[in-house]
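The values are calculated or read from the model by the stated rules, or taken from the named source; none is laboratory data. Keep in mind the model is a prediction, meaning the values are calculated, not measured. Positions of Cβ are backbone-derived with ideal geometry, glycine not excepted, and every protein chain shown enters the neighbour counts. Protein only, heavy atoms only, side chains kept; ligands, DNA and RNA dropped before computing areas. Shrake-Rupley method; radii C 1.70, N 1.55, O 1.52, S 1.80 Å.
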Amino acid sequence: MIDIATPKGRVVAAALRLAAERPWQEITLRQIAEAAGLSLADLSDEFSSKAGVLRAFVKCVDREVLEKAPGPVAGESPRDALFEVIMARFDLLEPYKAALRSIVASGEMDLAMIGPMLSSQAWMLQAAGIDSGGPAGGVRTAGLASVYARVFRAWLDDDDPGLARTMAVLDRRLRGGESVMAGLDGAISSVRKLGQMLRSGFGSRTRADKDSGRQDAEGDLRDEGTGPAEPAGSQGAV
């Protein structure tokens, strides 16, 4: 998954290897560079912070998920398709569980990873055949992020090779989130319809006003052109 043939890949692999051995907050960029067999200058060409290294790792995982996760099957519910995609992600993360425990325990992952993790949720929705675009997609992405964060914590503590606890938590959270999302989708659809009605009504009213104004103006012009003529010889009389 991580391409160690590239300097960037070697840095990511080295950082995760070190994180599995010691607390993430104690690891420095210089130590990562040395573990990757690079100079600090070479590392600076690829990353400016440890958070950047983590973002690169998440991107690697995203790509692997999109390549290997099973696509939606005909007749399969969106919830079941999403379940399979998320579990495929956990399978890919399994070799790095010790490192991720260290990183999460450090507290350094929370703020730095908000953007990349939201992007990951959007891609997992797409992989499951669920649209993540537009307002409704944004709501789905945020909802999945909340679900995934809780399941991820359960996965970190799940040492069962079959990940029975992780699957149980994921199934429960997806079922609960499914009803919430259905309600939110309905609300968004209602708002869209209301907006369309308002825009349609405003446009019709505007056109009616224009037509009325045009008719009034044409009436005024007819009045000016066809009114009674002044009596002959009255122009200039004193």
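For the range 37-51, give me each residue that is more than 17 Å from Ala99 (Cβ to Cβ) and surrounded by 18 or more Cβ atoms within 10 Å (Cβ to Cβ).
Leu38, Leu43, Glu46
Scan (1) touching a Lys or Arg at 6+ places or on another chain (Cβ under 9 Å); (2) within 25 Å of Leu163 (Cα to Cα) for the single condition Ile32 breaks and write down its number.
Answer for Ile32: the failing condition is (2).
I'd like the full set of residues that are open to solvent by 30 Å² or more (accessible area, probe 1.4 Å) and within 15 Å of Val151 (Cβ to Cβ), limited to the range 74-97.
Arg79, Phe83, Glu84, Asp91, Leu92, Glu94
Are any of the residues in the range 139-154 in a helix (DSSP H, G or I), at pLDDT 95 or above and more than 22 Å from the chain's Cα centre (by Cα)?
The answer is yes; a qualifying residue exists.
State whether one or more residues within the range 16-36 are surrounded by 15 or more Cβ atoms within 10 Å (Cβ to Cβ), modelled with pLDDT under 95 and touching a helix residue (DSSP H, G or I) at 6+ places or on another chain (Cβ under 8 Å).
Scanning the range 16-36 turns up no residue that is surrounded by 15 or more Cβ atoms within 10 Å (Cβ to Cβ), modelled with pLDDT under 95 and touching a helix residue (DSSP H, G or I) at 6+ places or on another chain (Cβ under 8 Å).
What pairs come up if the first residue lies in the range 77-90 and is under 16 Å from Glu64 (Cα atoms) and aromatic (Phe, Trp, Tyr), the second is in a helix (DSSP H, G or I) and open to solvent by 10 Å² or more (accessible area, probe 1.4 Å), and their beta carbons are under 7 Å apart, counting only those six or more places apart or on different chains?
If the second residue must be in a helix (DSSP H, G or I) and open to solvent by 10 Å² or more (accessible area, probe 1.4 Å), no pairs are left.
Looking at the range 1-49, what helices (runs of 4 or more DSSP H) fall wholly within it and have at least 3 residues that are within 22 Å of Pro95 (Cβ to Cβ) and in contact (Cβ under 8 Å) with a residue 40 or more places away in the chain?
In the range 1-49, the matching helices (runs of 4 or more DSSP H) lie at 7-19.
Among the residues of the range 60-73, write down those that are buried (at least 16 other Cβ atoms within 10 Å of the Cβ) and not aliphatic (A, V, I, L, M).
Cys60, Asp62, Glu64, Pro72
Please specify each residue of the range 36-76 satisfying the condition of being among the small types (Gly, Ala, Ser) and within 21 Å of the chain's Cα centre (by Cα).
Passing the criteria: Ala51, Gly52, Ala56, Ala69, Gly71.
Among (1) open to solvent by less than 40 Å² (accessible area, probe 1.4 Å); (2) under 16 Å from the mean Cα position of the chain (by Cα); (3) over 25 Å from Ser49 (Cα atoms), where does Gly129 come up short?
In the conditions (1) open to solvent by less than 40 Å² (accessible area, probe 1.4 Å); (2) under 16 Å from the mean Cα position of the chain (by Cα); (3) over 25 Å from Ser49 (Cα atoms), Gly129 misses (1) alone.
Quick grid of which residues meet (1) part of a helix (DSSP H, G or I); (2) of a type outside the set (Gly, Ala, Ser); (3) within 30 Å of Glu26 (Cα to Cα):
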{"site": "Met87", "(1), (2), (3)": "yes, yes, no"}
{"site": "Leu92", "(1), (2), (3)": "yes, yes, yes"}
{"site": "Tyr96", "(1), (2), (3)": "yes, yes, yes"}
{"site": "Ala99", "(1), (2), (3)": "yes, no, yes"}
{"site": "Ile103", "(1), (2), (3)": "yes, yes, yes"}
{"site": "Met124", "(1), (2), (3)": "yes, yes, no"}
{"site": "Pro135", "(1), (2), (3)": "yes, yes, no"}
